[in-house]
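**Q** For reference, the structure I am asking about is given below.
The values are calculated or read from the model by the stated rules, or taken from the named source; none is laboratory data. Every value quoted in this text rests on a predicted model; they were computed, and no experiment measured them. No Cβ is skipped: glycine too gets one built from the backbone with ideal geometry, and neighbour counts run over all protein chains shown.
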2 protein chains.
Amino acid sequence: MPEPVLLPLADTPPAERRDAARNRVALLEAAERLVAAHGVAGVTMDAVAHEAGVGKGTVFRRFESREGLMAALLNHSETEWQAAVISGPPPLGPGADPWDRLLAFGRSRLETTIVHAELIRAAGRASTRSTAAYSFIAMHVRYLLAELGVTGDLQLLAIALLAPLEAPILDQVELDGIPVDRVYAGWVDLASRIVGQGR
Amino acid sequence: MPEPVLLPLADTPPAERRDAARNRVALLEAAERLVAAHGVAGVTMDAVAHEAGVGKGTVFRRFESREGLMAALLNHSETEWQAAVISGPPPLGPGADPWDRLLAFGRSRLETTIVHAELIRAAGRASTRSTAAYSFIAMHVRYLLAELGVTGDLQLLAIALLAPLEAPILDQVELDGIPVDRVYAGWVDLASRIVGQGR
């Protein structure tokens, strides 16, 4: 079937801008694969260009510097994580029991925070502390607490529940050296206390 | 009785330095009285000089700028608050039931944080984020949790209990407009959940 010829809509970006966006995502996905394989330290402008099969100049044109790439990667990763919470498979996404969703959230957020803390350090001045990201997380936890029938100041309880999963706090307790499983076990205990006994 | 003449000890500061330290404290105490009477906005270099009965030049020599004064005031206030926790009257200081001490700690920390948040803003670039101050607080809460017979990852539980009392978090929930009593009531509920039922 031939592709239908559509009149351009007011909010459809021109083909050129769509291509640019697609190329940008391709570069970020290449960078993500490098993070997964070699850690944040392994992500250089050269390695991203090689992984994405483009010239190094293209990577510099898109992100200006390694710091710029790191900041973009942070943003991209946060957006993907939010999508997984909103519409991904359970138990992180919808459809599971709220207690199971809360536990999946805690584990996933803890792991995300550890990677993001490295990205934030690598992004240096290019990184912007995102209050929007925190708002999303706090809103999600409040929603789950309400689903679990918890009463009280859910906003304050959510803040308490989130604190041990946050990067500046994890830095302060010097996570390096403390196994993630130990932090997670402590967090599950905290969640049980806040949600109520019998969990 | 005449003052005994003592041989100077190696770590006794010369009279000149002791005078300087005394004058510095006198200026900080004058600034504290102004904060209590008129809030942080009411503390100008002129007002501090007038309150302490010295020339404006003296205040500038000690603190360089209003920002410098605010940073010094923050440090002085934190030290005084720590002294009240370590050796002040109960229930904030030693001698009260650990649960009463925990509640007094929460109320006092919440009020201190609100004043300090203003000082941090006023200190601008002169303010240094103090991890030492946080370590003291976390250590104190862990001690009280242990006294209350709480078991588990006390470090993590302390982080959760402290989070709703911390300035960056209070900024994020936009405390302005939310009465302190409401935040405190929510925090007491959180503390009851973490310490255990029957409180």
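**Q** How many residues are among the β-branched types (Val, Ile, Thr) and either touching a helix residue (DSSP H, G or I) at 6+ places or on another chain (Cβ under 8 Å) or outside any helix (DSSP H, G or I) (or both) when one looks only at the stretch B:79-100?
**A** Within the stretch B:79-100, the first condition is being among the β-branched types (Val, Ile, Thr), and the residues that meet it are B:79, B:85-86.
Narrowing the set further to residues that are either touching a helix residue (DSSP H, G or I) at 6+ places or on another chain (Cβ under 8 Å) or outside any helix (DSSP H, G or I) (or both) leaves B:85.
Final tally of qualifying residues: 1.
**Q** If a residue must be among the small types (Gly, Ala, Ser) and free of Cβ contacts under 8 Å to residues at least 12 places away in the same chain, how many such residues does the stretch A:86-116 contain?
**A** 5
Yes/no matrix, rows are residues, columns are (1) of a type in the set (Phe, Trp, Tyr); (2) surrounded by 14 or more Cβ atoms within 10 Å (Cβ to Cβ); (3) not assigned by TED's automatic domain parsing to the domain that holds B:Leu190:
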position: B:Gly88; (1), (2), (3): no, yes, no
position: B:Phe105; (1), (2), (3): yes, yes, no
position: B:Thr112; (1), (2), (3): no, yes, no
position: B:Arg121; (1), (2), (3): no, no, no
position: B:Tyr143; (1), (2), (3): yes, yes, no
position: B:Leu148; (1), (2), (3): no, yes, no
position: B:Gly152; (1), (2), (3): no, yes, no
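**Q** Restricting attention to the stretch B:135-162, which residues are part of a helix (DSSP H, G or I) and in contact (Cβ under 8 Å) with a residue 24 or more places away in the chain?
**A** If the condition is that a residue be part of a helix (DSSP H, G or I) and in contact (Cβ under 8 Å) with a residue 24 or more places away in the chain, then B:Phe136, B:Ile137, B:Ala138, B:His140, B:Val141, B:Leu144, B:Leu145, B:Glu147, B:Leu157, B:Ala160, B:Leu161, B:Leu162 are the ones that fit.
**Q** Also, I was wondering about something else. Can you tell me which of B:Leu110, B:Leu73 is over 18 Å from B:Leu161 (Cβ atoms) and under 11 Å from the mean Cα position of the chain (by Cα)?
**A** B:Leu73 is the lone residue from the list that is over 18 Å from B:Leu161 (Cβ atoms) and under 11 Å from the mean Cα position of the chain (by Cα).
**Q** Would you mind stating whether B:Ala30 is of a type in the set (Gly, Ala, Ser) and out of contact with any Phe, Trp or Tyr (no Cβ under 9 Å at 6 or more places or on another chain)? Give the derivation first.
**A** Values: of a type in the set (Gly, Ala, Ser): yes; out of contact with any Phe, Trp or Tyr (no Cβ under 9 Å at 6 or more places or on another chain): yes.
The answer is yes for B:Ala30.
**Q** Which is away from chain B (no Cβ under 14 Å), touching a helix residue (DSSP H, G or I) at 6+ places or on another chain (Cβ under 8 Å), of a type outside the set (S, T, N, Q) and under 13 Å from A:Leu190 (Cβ atoms), of A:Leu110, A:Leu103?
**A** It is A:Leu103.
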